[in-house]
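The values are calculated or read from the model by the stated rules, or taken from the named source; none is laboratory data. It should be emphasised that the depicted structure is a prediction, and the values quoted were computed from it without experimental measurement. Positions of Cβ are backbone-derived with ideal geometry, glycine not excepted, and every protein chain shown enters the neighbour counts. Each accessible area value is taken on the protein alone, full model and side chains, heavy atoms only, with ligands, DNA and RNA left out. Shrake-Rupley method; radii C 1.70, N 1.55, O 1.52, S 1.80 Å.
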Amino acid sequence: MDISDAFKECERRFENICFILEGDAFNGDVIHKKSKDTECVCIRDRMTFGKVVPNITSYRFILNRIKANRIGNINCVNVIEDILSIEKLTHLNAKTYILFQWEGMLDDIWRLFVQGFLEKKKGVGQIIVLKYCPDSNTVKTDFESISIKGSYNAFVDIVCKHKKISAENYGITPKTIDLLIDINSRKSKISDYIMSDFIDENDLKNSCKKIQGVSKFYKYGLLEEDLFRLTYTAFMKDKNEKAAKKLLREWYR
């Protein structure tokens, strides 16, 4: 079903709802279609890059996420807005929490983070998940409640410690965990693939256009800023600061 129908169906089936959205893209859709009693918050940081600590409400967590989401002079994610969303969720007592995410592999890491946070809240044991498929412009869901028991420990092992554990009961495939570990590795295969097959240092403008059109990356859940981050980091790892600075100018032009 389309986005509008999915939200209407949620409000028909459930009461005292809080929608938790992955990023800002669907915020307008929800704000203009939800009833006045339905809550809505956005969490933008998917926790896929950089250091993540288990204590989500700690000062150390905030500092690490600010550092992880800053490349050169670019803030890839507004971490402060996310902290305000987390603060709101901490004090919110909704009856039904509905997570609305994109369909890519790394988007499931975002969901695991949110599930882990919700599990630490008293009284939250189950959630509803909506997945948006951009190819068909539809929302996939069966509106069935999903248990989040054990999500926090899985979040700590996978997202904080990058352990390869079995987490398919949370919708996290082994390939997703491997991808998370790879993009944070000093010898990232994805990063090497990007640099060898798509990046021409002498023509970064067209390289940026070329890389953004690769459908495989979006299946993985790698967004434009993720591809930029991997390329920028590869240049800096090779001590090619000149190319890294040029990439900053071209990518955000």
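Per-residue answers, yes or no, for (1) free of Cβ contacts under 8 Å to residues at least 12 places away in the same chain; (2) under 20 Å from the mean Cα position of the chain (by Cα):
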site	(1), (2)
189	yes, no
194	no, no
216	yes, yes
234	no, no
241	yes, no
245	no, no
248	no, no
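Inside the stretch 172-190, can you point out the residues that are open to solvent by less than 30 Å² (accessible area, probe 1.4 Å) and closer than 15 Å to residue 154 by Cα?
172, 176, 177, 180, listed by residue number.
Can you name the helices (runs of 4 or more DSSP H) wholly within the stretch 1-93 that have at least 3 residues being small (Gly, Ala, Ser) and free of Cβ contacts under 8 Å to residues at least 60 places away in the same chain?
none
Right, residue 120: open to solvent by 50 Å² or more (accessible area, probe 1.4 Å), more than 19 Å from the chain's Cα centre (by Cα) and basic (Lys, Arg) or not? Write out each step before concluding.
Details: open to solvent by 50 Å² or more (accessible area, probe 1.4 Å): yes; more than 19 Å from the chain's Cα centre (by Cα): yes; basic (Lys, Arg): yes.
Yes, satisfied.
Just to be sure before I move on: is residue 219 on the phi > 0 side of the Ramachandran plot and open to solvent by 90 Å² or more (accessible area, probe 1.4 Å) in the structure I sent?
It is false that residue 219 is on the phi > 0 side of the Ramachandran plot and open to solvent by 90 Å² or more (accessible area, probe 1.4 Å).
Of all the residues that make up the stretch 153-168, how many are exposed (fewer than 13 other Cβ atoms within 10 Å of the Cβ) and either within 16 Å of residue 107 (Cβ to Cβ) or among the acidic types (Asp, Glu) (or both)?
Selection size over the stretch 153-168: 1.
I'm trying to understand the selection: among the residues of the stretch 61-87, which are loosely packed, with under 14 Cβ neighbours inside 10 Å and within 16 Å of residue 113 (Cβ to Cβ)?
Answer for the stretch 61-87, where residues must be loosely packed, with under 14 Cβ neighbours inside 10 Å and within 16 Å of residue 113 (Cβ to Cβ): just 87.
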